[in-house]
1. If I compute mean projected area of the Cα convex hull in nm² from the structure I just sent, which labelled value in (i) 12.9; (ii) 13.6; (iii) 15.3 lines up?
2. Can you tell me the dipole magnitude for the range 27-96 around its Cα centre, using point charges on the Cβ only (Lys, Arg +1; Asp, Glu -1), in Debye to the nearest 20?
3. Per DSSP helix of 4 or more residues, -39500 (n - 2.57); summed, then divided by the residues of the chain. What does that give at 222 nm, rounded to the nearest 500?
4. Looking at the chain as a GNM with Cα springs under 10 Å, which of PRO22, PRO37, PRO145 has the largest mean-square fluctuation?
5. Taking the number of other C-beta atoms within 10 Å as the exposure measure, put TYR211, TYR54, TYR94 in order starting with the fewest.
6. Hey, in the GNM for the chain with a 10 angstrom Cα cutoff, which one of VAL137, VAL91, VAL68 fluctuates hardest?
7. Check each of the GluC sites (Glu not before Pro) in the range 54-118 and keep only those in coil by DSSP with at most 14 other C-beta atoms within 10 angstrom; list them in order.
8. Of PRO11, PRO73, PRO212, which has the largest mean-square fluctuation in a 10 Å C-alpha GNM of the chain?
Amino acid sequence: MHYLFVMTAQPKELDARIIPPPSRHQEIFRTFDALAPGDAFILVNDHDPKPLLYQFQAERPGRFEWSVLEAGPERFRIEIRRRTAEGPRTVTDYLEADHRRLDAIAADVDRLSGEGALAEAGGRFAEFACGLDRHIVAEEQILFPAFERMTGMTMGGPTAVMRSEHVEIRGLMARIAGAIHVGDGAGAQGALQQLGQVLGMHNVKEEQILYPMTDQAAGGERERDDLVKRLQAL
């Protein structure tokens, strides 16, 4: 895969741990509401802020992206981005956007590895691994069962193919992590390029077949958006 994403500076962080609890959520929403469309901030917390996610879903529906960069146990980091187009989403829109987000982080890991900046590459790879693992788990625990229930397609269907490819993807992720851990920048780049090729073909199949079929089977706008909220809240 050739990475075509232009990397930008990391969003500013808002450390909820130093905000008094009575005003914490108010300050977080104030920060979000001040964002321009497409901009983001990173929320830092000492526990899983899932109740805050549910509040966002209730009070700012369809206006935000919620991307977990670090999932504890001692620290949680969540990128909260204001969407450029607001409103209900399809499964295709939501998961394609996450593919593009992860591709952009992988491009950063590739660049940093090539420059020999393995400490920085390791930090970005940890964010990539966290996001890709959550993406895969959301598909396997929520999307695939919903698809199989709605369509009756199980053995031999598209979800069986995707599950098989997830095994290969996880193996390549372990190779990259190992190479970065021992300071092998070239090895990390090689495994990352292999992963990019596998993910490229995998994502095309999901985006052109599985996701549109799920949206069609789900029914109306409300049903599709409810499924997106379940995926988001994994």
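Rule-based calculations on the coordinates, nothing more; no lab input. In this text, all values refer to a predicted model and were calculated from it rather than measured experimentally. Please note: Cβ atoms are built from the backbone with ideal geometry, for glycine as well, and neighbour counts cover all protein chains shown.
1. Among (i) 12.9; (ii) 13.6; (iii) 15.3, the one calculated here is (i).
2. 160
3. So the calculated ellipticity at 222 nm is -20000 deg cm²/dmol.
4. Its mean-square fluctuation being the largest, the pick is PRO22.
5. TYR54, TYR94, TYR211
6. So, out of VAL137, VAL91, VAL68, the one fluctuating most is VAL137.
7. Sites meeting the loop and neighbour criteria: GLU74, GLU86, GLU115.
8. Largest GNM mean-square fluctuation: PRO73.
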